[in-house]
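Everything below concerns the one structure shown next.
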């Protein structure tokens, strides 16, 4: 068991005091932060307050495992903990009422560096009693499965919780996504119709309510558990939604009922209030906004009227939206009801933590107390408890408590114009010696719908701490700037997306921030593709390029890896990448190795299912044929990324060494 009062006190002093005790100020400034500090996993992950405010539920890393703990606030003592063996992780822990919680679990494998979750769901009382697996393919296992319901059958499915059923404390509403069996095993492909299930959180007993009409569909329930909306992906990979008045009514296309255009995505409903809330697109940019629908009048209105970028998230209270956040450059708050207790609390906290992002994580049912998190470009995150009546906030714990925020370097939002007039946004992080710094261009993965944010990133801070400037550009196709911007990148993997990266790099040089003779491009997944393709398209611009788990042969997108098993993935790639064989070959780095002048480093994980290692092997082979030397790293247990801390440290040491050799001062 853990003494939380002591642990909280230790966390308070770690970030703000310890470094000053042990290091003189002049040595602090010169101290190089070890790579190991940047690659360590989070120690304190998240914390939530119970609906009645008497307990906390939290996840933390302890001696090589992620455990879940429940803490009595009055005593400061843990009432129970849930944990597995070394390397296992509790991946989520949430309250369903004042006494019971549900949690999910991932197991460490001997063959992979990342623990695997198998869609199972567990429940436990806050005192540790009645700890049961209530859903999963091993539910009848004598050791793991529920001991209360002996007739419980295994579910070869994944689950998705959609309602706590506030008037039914023993049951929750879940969606069951059946797996598909192939020659290589069971896969959660979302190729089968979704099943709606009422699940007893004590006995694990299931009551099947209905099947949704489409494969892989999700759904939105109202406050009574009635399913009013369902959303799925059509054959083109686009989201479609349907609405019905009640569980007995037929499904109707949502656009035929309500005056909505573009893509729509329902997120909440309340029969008591007679309203629903739906994300839909707005304006020429087709920005995501939240709309309120009145069931009786069928009137619909946008909630927010001052968006420059997509609405990213809305905080709800009792099914009602309270405030939202968007990310035009740093962040922007949007309040619906400024007089609501949570809005008042959030505005006070935002003022107190000016310049940092404040997120409400959880609150008591009466909103008397709120758990909130504070983050920024230099702050990995701190959790507080706030009393809305006394206006008192107390620190609970700190993410990555070994990081000294005073030594982290700020991200500067940038804006520039691409060669065709498209406005691009991104971020520039400069080392302390910022004049004409060697530059690392860091294109993100995806590429569609993904973007870089004004947030703390260990990789960025590591590079900047070693004297490198870091450019992150949200090239066309990136998310957050409206669907028009996303679709402007379709079928431009090796075209305008690369042009945007090149234009942003040249802009940074023109502004005097970077030394044009010392630049490297480094990315993972699509970013790995972009790194190699940029070195092909602009052979004299970069002195080196690093590709990590990259996609280098576009034909393999259709024939290799996990995506070929997924519902509608072929049509998605045809729409966003292209399907003309000549085009795919012309835009595949494997076919242009001889054009590369930059020094190349290639990194891959043997267990990568997203972009199989075959991509990197073929790229390496063709580079060698062209007479190029290649720095090569392969991690036997890694997948689409490196999870093991020792391997991560090794990887980044090699990256820094490679950069120092080719563009270092």
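Helix 4-13 versus the longest principal axis of the chain: what is the Cα-based angle in degrees, 0 to 90, to the nearest 10?
Taking Cα atoms only, the helix is inclined about 30 degrees.
Would you please calculate the Kirkwood hydrodynamic radius of region 153-266 over all C-alpha pairs and express it in Å, rounded to one decimal?
Computed over region 153-266, the radius equals 15.1 Å.
Could you list the square roots of 5 times each eigenvalue of the Cα gyration tensor of region 56-145, that is, the equivalent ellipsoid semi-axes, sorted largest first and rounded to whole Å?
So the three semi-axes of region 56-145 are 22, 17, 10 Å.
Using a 10 Å cut-off around each Cβ, can you sort 648, 585 from fewest to most neighbouring Cβ atoms?
Fewest-to-most Cβ neighbours within 10 Å comes out as 585, 648.
Two decimals is fine: what's Rg over Rh for region 474-611, C-alpha atoms, Kirkwood radius as Rh?
Using Cα coordinates only, the ratio equals 0.97.
Fewest first, what order do 32, 369, 645, 357 take by the number of other Cβ atoms within 10 Å?
Neighbour counts put them in this order, fewest first: 32, 645, 369, 357.
Rounding to the nearest 10 and keeping the result within 0 to 90°, find how far the Cα-based axis of helix 341-352 lies from the longest principal axis of the chain.
With both axes taken from Cα atoms, the answer is about 30 degrees.
Using the alpha-carbon centroid of each, what span in Å lies between region 161-229 and region 400-442?
Distance between centres, Cα-based: 43 Å.
Which whole number of Å³ per residue matches the convex hull of the alpha-carbon atoms in region 328-376?
78
Would you kindly state how much longer the chain becomes between residue 247 and residue 234 on full extension, computed as 0.36 nm times their sequence separation minus their alpha carbon distance, in nm to one decimal?
This chain segment gains 2.4 nm when fully extended.
I'd like the per residue volume of the convex hull spanned by the Cα atoms of region 385-538, given in cubic angstrom.
Convex hull volume per residue, Cα atoms: 144 Å³.
Quick one: what Rg and Dmax do you get for region 411-663 from the alpha carbons, in Å?
Considering region 411-663 through its Cα atoms, Rg and Dmax are 17.0, 50 Å.
Would you mind getting me the FRET efficiency between residue 613 and residue 657? Use the beta-carbon distance for r and R0 = 25 Å, nearest 0.05.
0.65
Can you give the percent of C-alpha pairs in region 483-533 whose distance is more than 18 Å?
Value for region 483-533: 39 percent of Cα pairs lie more than 18 Å apart.
Compute the length gained on full extension between residue 390 and residue 98: take 0.36 nm times their separation in residues and subtract their Cα-Cα distance, giving the result in nm to one decimal.
Fully extending the segment from residue 390 to residue 98 adds 102.8 nm.
Compute the length gained on full extension between residue 402 and residue 154: take 0.36 nm times their separation in residues and subtract their Cα-Cα distance, giving the result in nm to one decimal.
85.0 nm
How far apart, in nm, are the 7 Å Cα→Cβ label points at residue 364 and residue 579?
5.8
Hey, could you get me the Stokes-Einstein D for region 280-371, Kirkwood radius over alpha-carbon pairs, 4 °C and 1.567 mPa s, rounded to whole µm² s⁻¹?
After rounding, the answer is 91 µm²/s.
With each pseudo-label sitting 7 Å past Cα toward Cβ, what's the residue 308-residue 86 distance in nm, one decimal?
The modelled label-to-label distance comes out at 5.1 nm.
Counting pairwise Cα distances across region 216-261, what percent come out greater than 17 angstrom?
Percentage above 17 Å: 34.
Would you compute, from DSSP H runs of 4+ residues alone, the mean residue ellipticity of the chain at 222 nm, taking -39500 (n - 2.57) per run and dividing by the full residue count, rounded to the nearest 500?
Helix-only estimate at 222 nm: -5500 deg cm²/dmol.
Using 1/(1 + (r/R0)^6) with R0 = 51 angstrom and r between the beta carbons of residue 186 and residue 63, what's the FRET efficiency to the nearest 0.05?
0.95
Report the label-to-label distance for residue 348 and residue 594 in nanometres (one decimal), using points 7 Å from each Cα along the Cα→Cβ vector.
7.1
Calculate how many DSSP beta bridges within region 342-479 are antiparallel, expressed in % of all such bridges and rounded to the nearest 5.
90
Give me Rg/Rg_expected for region 546-639, where Rg uses Cα atoms only and Rg_expected = 2.2 N^0.38 Å with N residues.
1.11
What are the extents of the Cα atoms of the chain along their three principal axes, listed from largest to smallest and rounded to whole Å?
68, 63, 53
Taking every pair of alpha-carbon atoms in region 86-232, what share in percent sits in each 10 Å bin, from 0 to the bin with the longest distance?
Final binned percentages: 11, 39, 37, 12, 1.
In what sequence do 532, 554, 227 fall when counting other Cβ within 10 Å, fewest first?
227, 554, 532
Coordinate-derived values only; no laboratory data. Note that this is a predicted model, so its numbers are computed, not measured. Cβ: placed from backbone, ideal geometry, glycine included. Neighbour counts: every protein chain shown.
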